[in-house]
Amino acid sequence: MAAMDLFGRRWALRILWELRAGPLGARALLARCEGLSSSVLYQRLRELASSGIIASSADGYELTRLGTALRDALHPLDEWAIAWAQEQELNDQEPTET
């Protein structure tokens, strides 16, 4: 499965994002991803695990070495997204000309 195909699937990146700080169980992931169904969660977990990005552990699901490398690679995108959101907020606060 191509990386973009996997990451383009709904909820895949959100699940990875939630696992960035450490292992989480399925219930915790469902609680953090409002609107995510358990069937889609388990499907994404299987896909991410079969791709070697996450693994099941006694503490739940966690990033593997490859998953940690992916998290680190996505860090600049996260920084860009924060700067972009701040720019959007500033643009929304500027008065419009009438």
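The values are calculated or read from the model by the stated rules, or taken from the named source; none is laboratory data. Just so you know, these numbers come straight off a predicted model, no measurement behind them. A quick note on method: Cβ atoms are made from the backbone with ideal geometry, for glycine too, and the neighbour counts reach across all protein chains shown. Note: accessible area is taken over every heavy atom of the protein model, side chains too, but ligands, DNA and RNA are not part of it. Shrake-Rupley method; radii C 1.70, N 1.55, O 1.52, S 1.80 Å.
Based on what the data block shows, is residue 73 open to solvent by 40 Å² or more (accessible area, probe 1.4 Å), assigned to a helix (DSSP H, G or I) and at pLDDT 95 or above?
The answer is no for residue 73.
List pairs: first residue in region 69-98 and within 25 Å of residue 51 (Cβ to Cβ), second residue surrounded by 10 or more Cβ atoms within 10 Å (Cβ to Cβ) and basic (Lys, Arg) anywhere in the structure, Cβ distance under 7 angstrom, at least six positions apart or on different chains.
71/20
Report, by residue number, each residue of region 53-70 that is among the aliphatic types (A, V, I, L, M), assigned to a loop (DSSP other than H, G, I, E, B) and either open to solvent by 40 Å² or more (accessible area, probe 1.4 Å) or in contact with a Pro (Cβ under 6 Å, 6 or more places away or on another chain) (or both).
Scanning region 53-70 gives a single hit, 58.
Tell me, which helices (runs of 4 or more DSSP H) wholly within region 1-40 include 1 or more residues that are loosely packed, with under 14 Cβ neighbours inside 10 Å?
3-7, 26-32
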